[in-house]
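Down below is the structure, laid out as structure tokens.
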Amino acid sequence: MTVTEPQVWVLIGVFAAIMLGGFTLTTTLILNAMKAGFTAVDAKFEAVDAKFEAMDAKFEAGFDAVGVKLEHLDRDVSALMRHTFGIAE
């Protein structure tokens, strides 16, 4: 069996087409998998951000409550000072 020159070029072309198609398919599948992974990671980061925002809101509410209590304490101490020592502000 002898292979002529046109047959060799056809085999080279078929081999090149198969290799290029395989590389394209592999690259496409890898990129799709990476996009899905990045989307999942972004969703988790958004969930974590939401949790931090909720926690920040709770801390702010707590600090505001402490501030109100300190203002009331200051008012009460001032009233006691005025009542006990007759000091006017």
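Here's the yes/no breakdown for (1) of a type outside the set (D, E, K, R); (2) open to solvent by 100 Å² or more (accessible area, probe 1.4 Å):
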position	(1), (2)
Leu20	yes, yes
Asn32	yes, no
Lys44	no, yes
Asp49	no, no
Val66	yes, no
When you scan the range 68-89, how many residues do you find that are surrounded by 10 or more Cβ atoms within 10 Å (Cβ to Cβ) and aromatic (Phe, Trp, Tyr)? 0
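The values are calculated or read from the model by the stated rules, or taken from the named source; none is laboratory data. Remember, predicted model here, so these are calculated numbers, not experimental data. Methodologically, a virtual Cβ is constructed for each residue, glycine included, from the backbone with ideal geometry; neighbour enumeration extends over all protein chains shown. Quick note on the areas: whole protein, heavy atoms, side chains included, nothing else; ligands and nucleic acids left out. Shrake-Rupley method; radii C 1.70, N 1.55, O 1.52, S 1.80 Å.
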